[in-house]
There are 2 protein chains.
Amino acid sequence: MIIVRTKEELRHAIREMADDGQSIGLVPTMGYLHEGHASLLTAAREQCEVTVLSIFVNPLQFGANEDLDTYPRDETRDIALAGSCHTDIVFIPSVQEMYSSRPLTSVKVSEITEQLCGASRPGHFDGVGIVIAKLFHLVKPHRAYFGMKDAQQVAVIEQLVHDLDFDVEIVRMPTVREPDGLALSSRNVRLSPEQRHQALVLSKVLKDAARWLKGPEMTVDSLLKAVRTEIGKMKEAEIDYVELMQYPSLQRVPGKQCLQEASGTVILALAVKFGATRLIDNALYTIGER
Amino acid sequence: MIIVRTKEELRHAIREMADDGQSIGLVPTMGYLHEGHASLLTAAREQCEVTVLSIFVNPLQFGANEDLDTYPRDETRDIALAGSCHTDIVFIPSVQEMYSSRPLTSVKVSEITEQLCGASRPGHFDGVGIVIAKLFHLVKPHRAYFGMKDAQQVAVIEQLVHDLDFDVEIVRMPTVREPDGLALSSRNVRLSPEQRHQALVLSKVLKDAARWLKGPEMTVDSLLKAVRTEIGKMKEAEIDYVELMQYPSLQRVPGKQCLQEASGTVILALAVKFGATRLIDNALYTIGER
């Protein structure tokens, strides 16, 4: 496994390892890796000849009041995990290396960035857009792996790839969960034991919703109300958003819509703060197939 | 020479011709080719193993009141010229092929797009940004060739490449001129004989300015005034802009700045309408090297 910190070293390492048309798999991360990231690396390892992991806490995707400075980091452990997943190249650039001058270029996806985390975190997806464009240009992956825990991010990147004709396949990987259902997140370490216990409501309600939305009279509004009520039972929970939308277009579904009369794929997306820690979780459902 | 009209055919042709690491040169154009484009193709031919010409009148870089519908086109002649320059692949997509759905993604370069043609043609460089990103992703060129007649476009694309880490070398090619000095342009065919004669003032004044700006007392304001006066002598000339700026940053130079006390590379950029036909021309000067 090669560890590189500059773009030049990265390009050189990729040329050395993949010069005869071998397929490259990229797993872009912000580090503090967990089993969710490991599942992406393992899939890349299985499907591609060369696997590249990037670790970069991208300041452009954090808002002014967000947790950039306190975002958890542990490079040594990340490198060990990358090694255990048989990663070929780990790219760990500094902020200065990635943004040697203030970029004048923006890469913006409209519409699908205007709800959910895009609404709660203005500018967040513009930061994602530019860093993903840069990483794709630096690594030139054939496949790039993203976890569906960040389902909106996946939708945004798929749109970016479509609109700009990037020659890369976006591989959607399922959310990895603890045995009790909690979605893995680098931010979970910040939860108190009590908060962690209360946070189980997220995965539980996503499971319940799969049953609820089959109810013959169930509308979007009544489903969302039921979900909010369940989450509201947790004392430390403060809802940022609870939304049901079409996926991946993230178009709204009318509140009065009876779910069994609709069709297609919808996402139930949750963002809830437990104390100072904001967690997101979601599930996709295929509706209207009777 | 292979002529392809779809992205899939293009990708296939490039894979076939350049699969063992051969260098690819791209010349992106809007067609109606002239000797200026031929000089780009010839340079690409000399410096790269595979040359790709794209011909696409990109609607996104035309404003609502601009000449998209009447932009001159002659595919047969373009293909003949491409052949005579020993081009390998000509890519002529339809609008539907390039934009199969309305793009939600924008690629915007700020600051250097806010003056000159960016100010006269709002949105123009956003259209350039997205189409260049798409062409770079489709062709994956090692080098891309652009004429300095569109000097602002070159500056914008260089910034785009820098900010997004595109792995492509932008090759600046000098403006090609008629023997009497008129810069070649696909729009020149629309000039009446009298307009064409008057348009010679552009190249003449760019030449004169090289002498004028060596004057010991010459300020930016007085230089621009002299240039405007010369152009104003032409009855059919209507000035859109006459500007002196740093290049490639396109930062303003203060009007009272004495040119012989400044240093660096500056551009004198002209956009002038002759009747309904808007022409641009420019020259770069190195100042302050005494």
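Quick notes
- Between A:Val189 and B:His162, the FRET efficiency from the beta-carbon distance, with R0 = 56 Å, is close to 0.90.
- Distances from B:Lys273 to itself in the other copies, using label points 7 Å out along the Cα-Cβ axis, amount to 5.4 nm in increasing order.
- Separation in nanometres of the label points that stand 7 Å from Cα toward Cβ, at B:His197 and B:Arg15: 5.8 nm
- Accessible area expressed per residue, the stretch A:186-287, with surrounding protein chains retained (probe 1.4 Å, Å²): 48 Å²
- Reference-scaled alpha-carbon Rg (2.2 N^0.38 Å with N residues) for the protein assembly as shown: 1.12
- Note on B:Asn65/A:Asp74: beta-carbon distance plugged into 1/(1 + (r/R0)^6) with R0 of 60 Å gives a FRET efficiency of 0.60.
- Nearest-20 debye value, the stretch A:2-173 charge dipole, Cβ charges on Lys, Arg, Asp, Glu: 200 debye
- Carbon/sulfur fraction of accessible area - chain B, other protein chains in place, 1.4 Å, %: 50 percent
- The stretch B:207-242-the stretch A:216-262 distance, computed between alpha-carbon centres (Å): 65 Å
- Per residue, the stretch B:1-87 exposes 49 Å² of accessible surface when a 1.4 Å probe is rolled over the protein heavy atoms with every protein chain present.
- When B:Val95 is represented by a point 7 angstrom out along its Cα-to-C-beta vector, the spacings to that point in the other copies are 4.4 nm, nearest first.
- Of A:Ile170, A:Ala283, A:Ala155, farthest towards positive along the dipole that unit charges on Lys, Arg, Asp, Glu beta carbons give chain A: A:Ala283
- Eigen-decomposition of the gyration tensor built on the alpha-carbon atoms of the stretch B:1-109 gives equivalent ellipsoid semi-axes of 24, 18, 13 angstrom, largest listed first.
- Solvent exposure, largest accessible area first (probe 1.4 Å, DNA, RNA and ligands not counted), of B:Arg278, B:Arg77: B:Arg77, B:Arg278
- The stretch between B:Glu35 and B:Asp180 holds 50.7 nm of extra length on full extension. This uses 0.36 nm per residue minus the Cα-Cα distance.
- This model, with +1 at the C-beta of Lys and Arg and -1 at the C-beta of Asp and Glu, gives the stretch B:198-264 a dipole about its Cα centre of some 160 debye.
- Three-way shape call for the stretch A:44-187 based on the alpha-carbon gyration tensor, with the a/c threshold at 1.5: rounded
- When chains B and A come together, the accessible area they lose, probed at 1.4 Å and totalled over both chains, is close to 2600 Å².
- Sites A:Ile239 and B:Asp240, calculated FRET efficiency, Cβ-Cβ separation with R0 56 Å, nearest 0.05: 0.55
- Evaluated with a Cβ-only charge set (Lys, Arg +1; Asp, Glu -1), the protein assembly as shown carries a dipole of roughly 1040 debye about its Cα centre, given to the nearest 20.
- Among A:Gln198, B:Ser54, B:Ala226 the positive-end extreme of the charge dipole of the protein assembly as shown (Cβ point charges): B:Ala226
- For chain B, calculated [θ]222 nm from helices alone, where every DSSP H run of n ≥ 4 adds -39500 (n - 2.57): -11000 deg cm²/dmol
- The overall shape of the stretch A:186-287, judged from the alpha-carbon gyration tensor, is prolate: a/c is not under 1.5, and a/b is greater than b/c.
- Counting only lysines at least 8 places from B:Lys207 when in the same chain, those with an alpha carbon closer than 20 Å to its own are B:Lys149, B:Lys225, B:Lys233, B:Lys273.
- The contact residues of the stretch A:100-142, meaning those that lose at least 40 Å² of 1.4 Å-probe accessible area when all protein chains sit together rather than their chain alone, are A:Leu104, A:Thr105, A:Ser106, A:Lys108, A:Glu111, A:Lys134, A:His137.
- Overall form of the stretch B:105-184 per C-alpha gyration tensor (a/c, 1.5; a/b vs b/c): oblate
The values are calculated or read from the model by the stated rules, or taken from the named source; none is laboratory data. Small disclaimer: the values here were computed from a predicted structure and weren't measured. Note: ideal-geometry Cβ built from the backbone for every residue, glycine included; neighbour counts use all protein chains shown. Each accessible area value is taken on the protein alone, full model and side chains, heavy atoms only, with ligands, DNA and RNA left out. Shrake-Rupley method; radii C 1.70, N 1.55, O 1.52, S 1.80 Å.
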